[in-house]
Amino acid sequence: MSVIDDTNSPSATAPARRSTSHKVGIGISALVGAFLVFDAVGKLLRPEAVREGTAALGFPVDQALVMGIVLTVCLVAYLIPRTAALGALGITAYLGGAVTANMRVESPLFTHTLSAVYVGVLLWIGLALRRPELWRVAGFKR
């Protein structure tokens, strides 16, 4: 039996499974990333809809630019594999602020307030599928 021929070993099927979950993680991360890029660009360019939304949440309109810069920095960190977890932490904090802002103005719970939570959960699922060691850090695997 050759050292290279391990097709019957249990670990021979593991890379294929990891590869599929990795691809799904990349897909989820790409969708979340696209949404966040759209959000960041809107805040950086500040079209009328963003200015109105920012004011409706009780923020000065000029704060949208600051929010856009913060989100962009976190998003860039998230898209770089080595700093992805740090970027995800920053984005999670940003999304927590979105939840708080929506709660303050008493936005509808499931459609507005919790939408940032949905994005955050998908963000972390995508990252954990791309980086399986995060499941261990989070305590889901031993």
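We did not get these values from a lab; they are worked out from the coordinates using the rules stated. All of these numbers come straight from a predicted model, not from anything done at the bench. All Cβ positions, even for glycine, are placed from backbone atoms using ideal geometry, and neighbour counts span all protein chains on display.
Rounded to the nearest 10 degrees, what's the angle between the helix 14-45 long axis and the longest principal axis of the chain, both from Cα atoms, 0 to 90?
Orientation of helix 14-45: about 10 degrees from the principal axis.
Between residue 49 and residue 24, how high is the FRET efficiency from 1/(1 + (r/R0)^6) when r is the Cβ-Cβ distance and R₀ = 35 Å? Nearest 0.05.
Result of the calculation: an efficiency of 0.60.
Find the centroid of the Cα atoms in region 119-141 and in region 70-90, then give the distance between the two in whole Å.
With region 119-141 and region 70-90 each reduced to a Cα centre, they are spaced 14 Å.
Would you work out which of 129, 99, 73 lies farthest towards the positive end of the dipole of the chain? Charges go on Cβ: Lys and Arg +1, Asp and Glu -1.
129
Treating only the Cβ of Lys, Arg, Asp and Glu as charged (+1, +1, -1, -1), what charge dipole size does the chain show about its Cα centre? Round to the nearest 20 debye.
Working: 13 positive and 8 negative charges, 84 e Å.
Taking the Cα centre of the chain as origin, the dipole is about 400 debye.
Test of the criteria: in region 23-118, which GluC sites (Glu not before Pro) are in a DSSP loop and have at most 11 other Cβ atoms within 10 angstrom of their Cβ?
For GluC sites (Glu not before Pro) across region 23-118 that sit outside H, G, I, E and B with at most 11 neighbouring Cβ atoms in 10 Å, the list reads 106.
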